[in-house]
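In what follows, a single structure is set out as structure tokens and then discussed.
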Amino acid sequence: MKGVMRFGKKGKLSPYYVCPYQILKRTGKVSYELDLPNDLALMHLIFHVSLLKKYVGDPTSIVPLEGFGVKENLSYEEVPVEILDRQVKKLRNKEVASVKVLWRNQLVEGAT
């Protein structure tokens, strides 16, 4: 379609909703003005209520920043604590080793 701005991929695989954005104000009975980032500056800021979806936060995804030592650029260093599992897969000509590591600030379920 002409004049349609796509997010990410084209066609069936394109996302239906894109990131949660803050509502700045209500502009009409059924329209809202959103606070969009600069990379979406070409889009119109006012959306009909049927195009919006309520954001419900997941309390388990909130991570406290006190124990992490977050730097000024919002990055931190992961430190391995323990190796939980080892596995060697044999391919035709070589062997590939994989290791499951428990990191310092994560639970056992978050081991990679």
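The values are calculated or read from the model by the stated rules, or taken from the named source; none is laboratory data. Owing to the predicted nature of the structure, the values given are computational and were not obtained by experimental measurement.
Tell me, which residue of region 1-42 that is in a loop (DSSP other than H, G, I, E, B) and hydroxyl-bearing (Ser, Thr, Tyr) is modelled with the highest pLDDT?
Among residues in region 1-42 that are in a loop (DSSP other than H, G, I, E, B) and hydroxyl-bearing (Ser, Thr, Tyr), the one modelled with the highest pLDDT is Thr27.
Kindly indicate the residue of region 75-112 that is among the polar types (S, T, N, Q) and assigned to a strand (DSSP E or B) and also nearest to Ser61 (Cα to Cα) among those meeting that condition.
Applying the filter and picking the extreme gives Ser98.
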